[in-house]
Structure formats: C-alpha cells, structure tokens
1. Can you name the number of the only condition in (1) buried (at least 19 other Cβ atoms within 10 Å of the Cβ); (2) modelled with pLDDT of 95 or more that Thr206 fails?
2. Only one residue in Ile98, Ile34 is over 19 Å from Thr148 (Cβ atoms), outside any loop (DSSP other than H, G, I, E, B), of a type in the set (A, V, I, L, M) and in contact with a helix residue (DSSP H, G or I) (Cβ under 9 Å, 6 or more places away or on another chain), so which one is that?
3. Cβ-Cβ below 6 Å, separation at least six or inter-chain, first residue in region 41-54 and β-branched (Val, Ile, Thr), second away from ligand 2 (no atom under 16 Å from the Cβ) and part of a loop (DSSP other than H, G, I, E, B): which pairs?
4. Return the total of residues in region 58-79 being modelled with pLDDT of 95 or more and in a strand (DSSP E or B).
5. I'd like the residue in region 47-60 that is within 11 Å of ligand 1 (Cβ to nearest atom) and β-branched (Val, Ile, Thr) and, out of all such residues, is nearest to Leu141 (Cα to Cα).
6. Would you call Asp131 modelled with pLDDT of 95 or more, assigned to a helix (DSSP H, G or I), acidic (Asp, Glu) and over 24 Å from the mean Cα position of the chain (by Cα)?
7. Test each condition in (1) out of contact with any strand residue (DSSP E or B) (no Cβ under 8 Å at 6 or more places or on another chain); (2) within 7 Å of ligand 1 (Cβ to nearest atom) for Ser44 and report the one that comes out false.
8. So which of Leu231, Leu238, Leu319, Leu284 is of a type in the set (A, V, I, L, M, F, W, C), outside the structural domain of His61 (by TED's automatic domain parsing), surrounded by 20 or more Cβ atoms within 10 Å (Cβ to Cβ) and over 27 Å from Ala218 (Cα atoms)?
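The values are calculated or read from the model by the stated rules, or taken from the named source; none is laboratory data. All values reported here derive from a predicted model rather than from experimental measurement. FYI the Cβ positions are ideal-geometry reconstructions off the backbone, even for glycines, and counts take in every protein chain you see.
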Amino acid sequence: MAPPQASEPIHEFGLIRALRRQFSHRDAEVIRGIGDDAAVISASPKQWWHVTTDLLVEGVHFNLGTASPEAVGYRAAMANLSDLAAMGATPRYLLTSIAIPRRCSAAHVDQLYGGLMKACRPHRVSLIGGDTSASRGGLFLSLTLIGTTRRRQALLRSGARIGDALYVTGTLGDSLAGLQILTRQSSTRVAKPHQRFLIHRHLRPTARVSEGQWLNRARRASAAIDLSDGLSGDVRHLCEESRVGADIELDAIPISPSCRAYAKSSRQDPTQLALSGGEDYELLFTVSAQHQPAVEHQAKKAGYRITRIGVIRPRRSGLRIQSQAGEWRPLPLTSYEHFCS
Ligand code: ADP
Ligand code: MG
C-alpha cells in the first residue's frame, strides 16, 4: 500500500479497511477479527467469546450540556451491550478505561459509573478491570465488553443470502429526533409527551440483548448487525460482509408516532431521520424464506416488535430503496461517519 500523503483526509471506514488488510492476522482460534460487531474467539471447546470495545469522547459522542454523567455512562454501556446483542451473545465481563479532566468532580465520576452499572446490572455483567488517567482535554471513556455463546453459534454480519428477508426491531429515528430536541431546546423541561418519549429514547436506549439471543438460539436469523450509525450505513456493512445487495421499502421502515409528530413539526422527512439517525441500537437482521413464518409468529408471542423492511438481492444490484412513488433508486449514504459527518 502506498504511504498516505500528509494532507490526505481520514475516512473512518477506509481506515478500518486498510487496518484490516494490513494487520489482521488470523490464528486458528480467531473466528472473526475486524469486520463484525464483536471479535469472536474460540476460547474453549464449548464456548465462543465475543469481544467488543467502544471509545466515547466528550464533544464527539456526548455533550455534558445535554446529557448528565449518569446518562453518558448508561449510553456507553448500551452501545457495547448492543454490539453483543447483534452477535446473539450473553454479556459477561466489562473493562472500563477513563480519562478525567480537572473540571470533573468525584461526584460526576460516581454518577457516570452509576449509569454504567445500572445498564449492566440486569445482565449480571461483572466489572473486571480497566485503566484510569487524567485528561488535559475532555472526558474520555472506553469500554470493553466480553460475552459468550455456545461454540459455532453466533449471529454474524456475513451470513445473509439472496432471497432472505431484512427485518429490524423496534422503531428507527427516535434517538436522532431526541438529540435534535435536546440540542435545539434551551430547557430540557419540555411539555409535549412525544418530545419526552424521543428524549428518553436518546438518553435511555435499550440494547436488544434478549432479541439477539432469541434470534441466535435456534439459528432463526442468518445475519445481524446493530443500528449504531444509521440504517443507510449499517445495512451497507451487513451487505458488504455478506457480499450481497439489498432492496429496502421506504414505506415499510417502522417509525414511531412521536417521531412522525416531531418530523412534521420540524418540517423534516421522518424517513430521513430513520435512515440517517444513529444510536437507535435496534437490530437489523436477515431471515431465510423458510424461517420467516416461525420468526414472525414467535416474535409476536414473545412481544418483540419486528418489521420486515426489504429483501436481500445479488451483489450486482447494489443497495436500492423504493420511494413512496414506487420507484427504485440507489440508497443514499446519510448515516454517521467520523471525520465526515
Ligand atoms: P460498531 O459500530 O459495531 O462498534 P465499528 O464500525 O466501530 O463497529 O467497527 C467496525 C469493525 O472495525 C469492528 O470489527 C471493529 O472492531 C473494527 N475497528 C474499528 N476501529 C478499529 C481500529 N482503530 N483498529 C482495529 N479495528 C477497528
Ligand atoms: Mg455494532
């Protein structure tokens, strides 16, 4: 590879691809390295370990003006739990590294860990280590979460096959709408219930851990990814890993009544919020034609909201979206990317 020029801009996913090409060396125990929601290691004869890590940077991923330290800790844990949900894994062990600026008090750090452990407690995750530093910039928080599945049993991004249906859990766009409300409104004491719902969806997302385990248990899904950057980007990642294309029906994308009401009042297209909004932490997954009736039936019985939004196509047809008028056009990339967004 040619050495990069000093003036060359960085593209997040280009950088990751280059690192993967250059350095990801495989040993027999590495089932998945770079390229999925978590790395997968064959740790014992019975188990696979799933390892995910995330770095949260003040001013980039959160702003202490719009989110309390407690909410920051909670959301950080949810981001990691969501990656393990996308693997169908059971979360087990957590390591936390933190760099603390001088202006943060002990009470702030206490609240941050309070939020973090509150998100982890229902899953009985144990904090097993980490690192602590002072920061001359903002607050930095890095989490590493380890989960387990049975051997040879995991939801990977690479398993989608032509003809499989594409599904999502929950509703999309709520988190971005909530963030916009928090950012635009000077006071967080908003009166309207739909705004409170959206703010809650942003500050208190729910990782779909039990849905992921359910999809994995009986191999109901052929592939999965969590929606952390936005549907338009994350469907791309799943399709790249599976070497397929996809058709998405715009009208089928599930959008909450609150998100629709907010989009109307702020003169935005709700489907744009759904396509580009990151941090919904819903799951995008694929199911073969054979398993669709059972999946839909069982989801209904278990109270899991799932919606079929499209179908997997051959790679050569690319990623397409059907407009309200019924025309197919290339899916625009509007989701979050570091250094570009
Ligand atoms: P997610 O949104 O699911 O957390 P990312 O988009 O952050 O996933 O990362 C995609 C893949 O690239 C993952 O396998 C991740 O481990 C890997 N990755 C991201 N950044 C780096 C890096 N700096 N070095 C090595 N691998 C990376
Ligand atoms: Mg992910």
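1. Every condition holds for Thr206 apart from (1).
2. Every option except Ile98 fails the conditions.
3. Ile41/Glu29
4. Qualifying residue count for the region: 1.
5. Thr53
6. Considered against the rule, which asks whether it is modelled with pLDDT of 95 or more, assigned to a helix (DSSP H, G or I), acidic (Asp, Glu) and over 24 Å from the mean Cα position of the chain (by Cα), Asp131 comes out as no.
7. Evaluating Ser44 over (1) out of contact with any strand residue (DSSP E or B) (no Cβ under 8 Å at 6 or more places or on another chain); (2) within 7 Å of ligand 1 (Cβ to nearest atom) leaves (2) as the failure.
8. Details: Leu231 fails: over 27 Å from Ala218 (Cα atoms); Leu238 fails: over 27 Å from Ala218 (Cα atoms); Leu284 fails: over 27 Å from Ala218 (Cα atoms).
Just a single option satisfies the conditions, and that option is Leu319.
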